[in-house]
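The values are calculated or read from the model by the stated rules, or taken from the named source; none is laboratory data. Please read these numbers as outputs of a predicted model, since none were measured by experiment. All Cβ positions, even for glycine, are placed from backbone atoms using ideal geometry, and neighbour counts span all protein chains on display.
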Amino acid sequence: MKKYLRFDTPFSYLIIPAVAIVTAFNYYIFVLSNAFAPSGVNGIATMVQYLSGVSISYMSLLINIPLAIFSFIKIGRVFTVKTMLYLLVFSGVLLLFQHHVINIDRFVYHTEDGKSTILAPVAAGAINGIVYGIVVRAGGTTGGTDFIASYVHKQRPDISFSKVLFVFNTLVSLSSYFVYDCNVEPVILSIVYSYITSSISGAIIRGGENAIKIELITSKTDELKKELISRLRHSVTILTAEGGYTGQERKLMICVVNTHQIKDFMEIIARYPGTFACVSDVTKTIGNFKRNAG
C-alpha cells in the first residue's frame, strides 16, 4: 500500500475524531429513530435506550471504559488510546445531538408507514462500514466487542477475530426480537446492517488489494507465457510438475493479475485448447504487483 494511502500515522489522531462525529450523526439520523439494534456493544446500548430511555452515549461509555482499561493492560496501549478517543468523541457528539445543543432533527430519516424502513440499516451499515474500515486502518477500533475479540484472538490465535464478532453480533440480532415487541423485522434490519458494515469495512481494511491467482497447465508454455506477459502486463512463474494420472512431466504456470483482467485472461486461454486453468481469489498482494516477478 502506498504511503499516501496509509492511515496509521500521527494524522490518525485527527482522522479518528472526524469519523467518530460521522458515526454519531449516523446513529442519530438512521439508527435510533428506526427501532433496530446495530451490531456490537452499541447494539446492546441501543436496546437499553429503547427500553429505559438511558442514552446510548452513557451506556457505551459505561460498558467500554472497563473494557478499555483491560485492553490497555492486556492488549496494547496505542490501540486502546485510539479506540477510546473514538468512543469519547462519538458519545460526546451524540449527546449534543440528543439534547439538541446541536439540532439536526430535520435530517432524521423515519417513515411512519414503515414501507422504507429497510433503507435505514442499508444507509447506516454503509456509513458504519466506511467508518470502521478507516478506524481500523488508523490503528484503533470502534470498541466494545473489538476489545473482547482482540483479546480472545491474542490468547487463542486459532480463533479468528471475525468469528468472535460474528457470534456476538448474532446474539445481539436475536436478542432484538424480544426487545422490539417480539417482532422479526428488527432482527432482519440488524442482520442487514451487520452484513453491509462487514462487507464495506472488509474492502477498506484490505485496501482494494484483491487480485486473481491463476494456475495453468498447458503444452503451449512458451506461446502462452509471451501472450500473458504482453497483454496482461504481469509476469508468470513456471514450475515443473508431474501428472498424477499419466506420470508425464508438465509445466505449471502461476500468474497473479488484477480482478478486472479476468475477461482478458479468458479470451487468451480460449485460443489454447487443452489448457487447464485454476482461478482463485487473492485478498492481498505484497511487493511490486505492477510486474509480478517470475
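A count restricted to the stretch 240-256 and to residues that are touching a residue at least 12 places away in the same chain (Cβ under 8 Å) and charged (D, E, K, R) stands at 2. When 119, 85 are checked against the criterion of being within 22 Å of the chain's Cα centre (by Cα) and without any contact (Cβ under 8 Å) to a residue 40 or more places away in the chain, a single residue qualifies: 119.
For the stretch 265-294, the candidate set comprises residues that are at pLDDT 80 or above and of a type in the set (D, E, K, R); within that set, the residue that is farthest from residue 235 (Cα to Cα) is 271. Of the numbered conditions (1) among the aliphatic types (A, V, I, L, M); (2) farther than 21 Å from residue 198 by Cα; (3) in a helix (DSSP H, G or I), residue 20 fails exactly one; give the number of that condition. So residue 20 meets the others, but not (2).
For the criterion of being touching a Gly at 6+ places or on another chain (Cβ under 9 Å) and at pLDDT below 80, residue 205 passes.
Cβ separations smaller than 7 Å between residues 6+ apart or across chains give the following pairs from the stretch 56-67 residues that are in the same structural domain as residue 145 (by TED's automatic domain parsing) and farther than 10 Å from residue 143 by Cβ to residues that are buried (at least 22 other Cβ atoms within 10 Å of the Cβ) and among the β-branched types (Val, Ile, Thr): 56/46.
Of all residues in the stretch 209-234, those satisfying the criterion of being of a type outside the set (A, V, I, L, M) and touching a helix residue (DSSP H, G or I) at 6+ places or on another chain (Cβ under 9 Å) are 209, 210, 218, 227, 231, 233, 234. Looking across the stretch 85-127 at every residue that is aromatic (Phe, Trp, Tyr) and closer than 15 Å to residue 33 by Cα, the one that is modelled with the highest pLDDT is identified as 97.
If only residues of the stretch 218-240 that are closer than 14 Å to residue 277 by Cβ and of a type outside the set (Ser, Thr, Tyr) are counted, the one that is farthest from the chain's Cα centre (by Cα) is 220. Determine whether residue 47 is assigned by TED's automatic domain parsing to the domain that holds residue 192 and either within 21 Å of the chain's Cα centre (by Cα) or assigned to a loop (DSSP other than H, G, I, E, B) (or both). When the stated conditions are applied, residue 47 does not pass them.
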